[in-house]
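Report on the following structure.
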Amino acid sequence: MKLPVLMGVLNISEESPVRHSIAKTNEEILTRASFLVSNGVSFIDIGARSTSQAIAGVSDEEELSKLLPAIKLLKNRGYKISVDTWSHSTAIACLDAGVEMINYTSGEYPQALLYKLAQKNAFLVMTYMPYGNPVTMRSQNPVAYTFENMEKFFKGKTALMKESGFYNTIIDPNLGIHHPLESKKIMKQKCNLVIEHMNELIGLGKPLLIHHCHENEHWPHTLAHSWRKFGEPGYIRTHNPDQIVSAFTS
């Protein structure tokens with residue numbers, strides 16, 4: 001079974017709840033990057049502001065002040081980089097800094113971003129986000145998490161991108177960002193729904209990315225079993241690449 005392409009999380013946002021993924025100094029950033037790549041990661045996914053509901057908003061300026069030095073440091077070491085952001089301005093600045101992928105968690109796709117992606121021939125992870133972004137989501141009513149809603153979202157955004165001449169998209173059904181009114185039971189139901197509809201998600205014609213739910217240790221093995229069934233390697237974003245490799249090779 002071919003391993004998925006792994007995106008390994010490196011958080012330079014100190015407020016991230018996944019403590020072992022945080023790197024604050026250059027030495028810590030390089031140590032974390034080395035660990036990720038030595039465990040099969042192809043893209044280091046850098047985040048500089050947490051989606052945690054307990055955290056107040058962080059400005060684009062503050063986000064970029066953390067991201068750009070880290071990008072330069074890792075690019076100088078030859079690493080491939082993805083940036084996790086919901087700001088199109090941040091995404092554009094990071095593309096100009098040389099990142100190969102944007103892990104985009106906003107529901108808004110301005111033309112300036114799409115043109116920049118096409119210009120740089122970068123990859124875009126298109127996250128299912130029906131709320132605008134993870135901050136504005138907090139004040140909105142929950143949207144039903146269904147395959148039908150995801151299909152409508154992904155087809156609409158894909159059509160928009162084609163108009164701008166951009167095609168390098170990866171679809172993410174979003175198992176990592178949750179509405180504040182969603183219980184842990186609902187989160188598990190979302191994981192099960194993705195497995196149930198994996199064939200239809202793959203059928204949308206774009207590579208599929210799954211966020212590894214780090215709080216649920218049986219999930220990598222369930223995911224590996226499902227991917228073996230459908231024969232689709234795709235992408236996995238994870239804080240723990242060693243768990244994924246173990247699940248796919250055991």
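Every number here is computed from the coordinates shown, using simple stated rules; none is lab data. Predicted, not measured: the structure shown is a model, and the values here were computed from it. So basically every Cβ, Gly included, is an ideal-geometry build from the backbone, and we count neighbours across all protein chains shown.
Before moving on, here are some points about what is shown:
- Extended-chain gain in nm, criterion 0.36 nm per residue less alpha-carbon gap, H20 and E148: 42.5 nm
- Under 20 Å from the Cα of K120 - aspartates and glutamates, other chains or at least 8 residues apart: D45, D84, D96, E100, E108, E163
- Mean separation of Cα contacts under 8 Å (6+ apart) over length of the chain, as relative contact order %: 21
- Overall, the anisotropy analysis places the chain in the rounded class: the square-rooted eigenvalues a ≥ b ≥ c of its C-alpha gyration tensor yield a/c less than 1.5.
- Between Y115 and S226, residue separation times 0.36 nm minus the direct Cα-Cα distance comes to 36.4 nm.
- Label-point gap, in nm, between K162 and E62 - each point 7 angstrom along Cα→Cβ: 4.1
- Peptide packing for 73-85, 183-195, 35-47 was compared via the average number of neighbouring C-beta atoms within 10 Å per residue; ordered from the highest value, the list is 35-47, 73-85, 183-195.
- Under 12 Å from the Cα of K2 - aspartates and glutamates, other chains or at least 8 residues apart: E232
- Remark: region 114-127, residue by residue, has Karplus-estimated 3J(HN,Hα) of 5, 5, 5, 4, 5, 4, 8, 6, 8, 9, 10, 8, 8, 7 Hz, where x stands for each Gly or Pro and the curve is 6.51 cos²θ - 1.76 cosθ + 1.60 at θ = phi - 60°.
- Each Cα pair under 8 Å and six or more residues apart adds its separation to the average, and for region 34-124 the resulting relative contact order is 25 percent.
- Pairwise label distance in nanometres, L30 with T136, each label 7 Å out on the Cα-Cβ vector: 4.1
- Gyration tensor verdict on region 101-250 (Cα atoms; rounded if a/c is under 1.5, prolate if a/b is larger than b/c, oblate otherwise): oblate
- Counting only residues at least eight positions apart within a chain, or on another chain, the lysines with an alpha carbon under 19 Å from that of K24 are K66, K72, K75.
- Per-residue Cβ neighbour counts within 10 Å put H88, H211 in the sequence H88, H211, beginning with the fewest.
- Relative contact order (percent, whole number), region 88-187, Cα cutoff 8 Å, 6+ residue spacing: 30
- When the Cα gyration tensor is reduced to axis lengths a ≥ b ≥ c, the ratio a/c is 1.5 or higher for region 135-202, and with a/b not above b/c it is classed as oblate.
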